[in-house]
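A short worksheet on the structure shown next.
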């Protein structure tokens with residue numbers, strides 16, 4: 001496979017285009033790399049090597065976590081702190097903390113980075129948006145963390161709230177972009193704004209197919225987030241390049257996102273967080289398998305494989321959840337299925353709806369919804385109601401098609417990569 005990349009001389013043009021949400025990006029900027037597979041540089045490297053003018057001589061705030069690294073795995077915190085032309089004055093921590101070790105939903109406290117002595121402000125504690133006091137003395141605010149391509153991801157909400165807060169203080173925002181690890185496919189339903197929460201603030205698809213920088217452009221252009229926005233793009237990446245092919249390090253963005261395989265299934269299996277079934281938290285394969293003590297994994301696998309879904313197979317499995325924080329069968333062996341992605345045609349949202357329909361039927365009176373949580377993940381109460389009413393999978397998915405197609409048309413103008 002050929003990898004397309006922009007030559008170095010084109011990145012300034014692309015950066016200028018990225019600062020305007022309504023910009024039409026010229027595909028001719030991308031030229032064939034005759035060597036075949038080219039070097040892929042994340043946004044932190046593009047910033048410090050090609051676009052230093054955005055931060056040179058300025059006092060910088062950085063929203064990041066352990067996933068903010070260069071292609072060698074070196075922390076963006078260290079690279080910025082040690083750069084002679086940049087003054088790093090504040091760090092901001094999203095959910096799971098600056099090092100990503102805190103449990104889901106655990107309060108993050110203010111702290112000081114032990115390596116640099118830079119103060120860390122929590123954006124997942126008493127406040128979730130930077131206060132004017134936190135932003136005092138900051139000339140430019142950087143955002144650098146790994147998104148995983150699903151709507152339900154609190155880091156993205158942290159970014160949008162920070163964009164709003166920075167705009168109010170007249171502080172420009174620079175998003176240091178990274179590849180979407182699960183590619184450019186767009187799947188699932190569109191969130192109903194009535195169900196907007198910190199888990200998902202805006203009406204986008206369950207699997208949105210965009211990078212963090214593209215999301216920032218989309219949110220600014222479609223939802224009135226003001227302020228000055230720049231995106232330092234990923235040099236050399238295109239949408240059909242798998243994460244493994246990027247040769248970038250995978251650093252788990254949360255305790256139960258150990259690898260790209262879990263991220264691939266997450267846009268679908270995350271919905272089971274809103275049910276009484278386990279998503280295998282605390283095991284080696286979270287979000288790759290679902291189960292409960294009363295399920296017959298062999299029977300469920302046979303039923304699910306009978307759907308003939310493209311790009312995925314279902315294997316009977318037994319596992320022991322080990323996540324006391326979610327209260328689902330901790331230390332108890334459960335039976336269920338493991339989802340195995342077999343090709344890029346896989347639609348995890350389709351698979352999840354089919355799994356919801358079948359496990360709901362098999363569970364009988366033992367089924368249970370965590371209603372508020374499920375609805376905020378689903379972005380609607382209609383999915384839950386349809387499953388309770390016995391709706392068929394195709395009937396449910398057909399109701400999503402029109403809004404999904406409209407979303408895909410609108411997002412085109414904000415895309416950066418071919």
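The values are calculated or read from the model by the stated rules, or taken from the named source; none is laboratory data. Please read these numbers as outputs of a predicted model, since none were measured by experiment. Please note: Cβ atoms are built from the backbone with ideal geometry, for glycine as well, and neighbour counts cover all protein chains shown.
Numbers at a glance
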{"item": "Residue tally, condition in a helix (DSSP H, G or I) and closer than 29 Å to residue 343 by Cβ, over the stretch 169-197", "result": "0"}
{"item": "Filter result for residue 163 (over 21 Å from residue 53 (Cα atoms) and either touching a helix residue (DSSP H, G or I) at 6+ places or on another chain (Cβ under 7 Å) or surrounded by 22 or more Cβ atoms within 10 Å (Cβ to Cβ) (or both))", "result": "no"}
{"item": "Which listed residue is in contact with a strand residue (DSSP E or B) (Cβ under 6 Å, 6 or more places away or on another chain) and within 21 Å of residue 174 (Cα to Cα), from 80, 108", "result": "80"}
{"item": "Flag if residue 403 is more than 21 Å from residue 354 (Cβ to Cβ), out of contact with any helix residue (DSSP H, G or I) (no Cβ under 9 Å at 6 or more places or on another chain) and assigned to a helix (DSSP H, G or I)", "result": "no"}
{"item": "Single match in 301, 316 (criterion: over 24 Å from the mean Cα position of the chain (by Cα), closer than 15 Å to residue 363 by Cα and free of Cβ contacts under 8 Å to residues at least 40 places away in the same chain)", "result": "301"}
{"item": "Residue match in the stretch 129-151 (condition: outside the structural domain of residue 343 (by TED's automatic domain parsing), surrounded by 24 or more Cβ atoms within 10 Å (Cβ to Cβ) and farther than 26 Å from residue 249 by Cβ)", "result": "yes"}
{"item": "Residue among 402, 371 that alone is loosely packed, with under 13 Cβ neighbours inside 10 Å, more than 19 Å from residue 280 (Cβ to Cβ) and touching a residue at least 60 places away in the same chain (Cβ under 8 Å)", "result": "371"}
{"item": "Members of the stretch 84-110 that are over 23 Å from residue 198 (Cα atoms) and either loosely packed, with under 15 Cβ neighbours inside 10 Å or modelled with pLDDT under 95 (or both)", "result": "84, 85"}
{"item": "Test: residue in the stretch 281-300 that is farther than 28 Å from residue 104 by Cα and touching a strand residue (DSSP E or B) at 6+ places or on another chain (Cβ under 6 Å)", "result": "yes"}
{"item": "Residue list for the stretch 125-143, restricted to those being in a loop (DSSP other than H, G, I, E, B) and in contact with a strand residue (DSSP E or B) (Cβ under 7 Å, 6 or more places away or on another chain)", "result": "130, 137, 138, 139"}
{"item": "Among the residues listed as 316, 352, 391, 386, the single one being crowded, with 16+ Cβ neighbours inside 10 Å, touching a helix residue (DSSP H, G or I) at 6+ places or on another chain (Cβ under 6 Å), on the phi < 0 side of the Ramachandran plot and not in a helix (DSSP H, G or I)", "result": "316"}
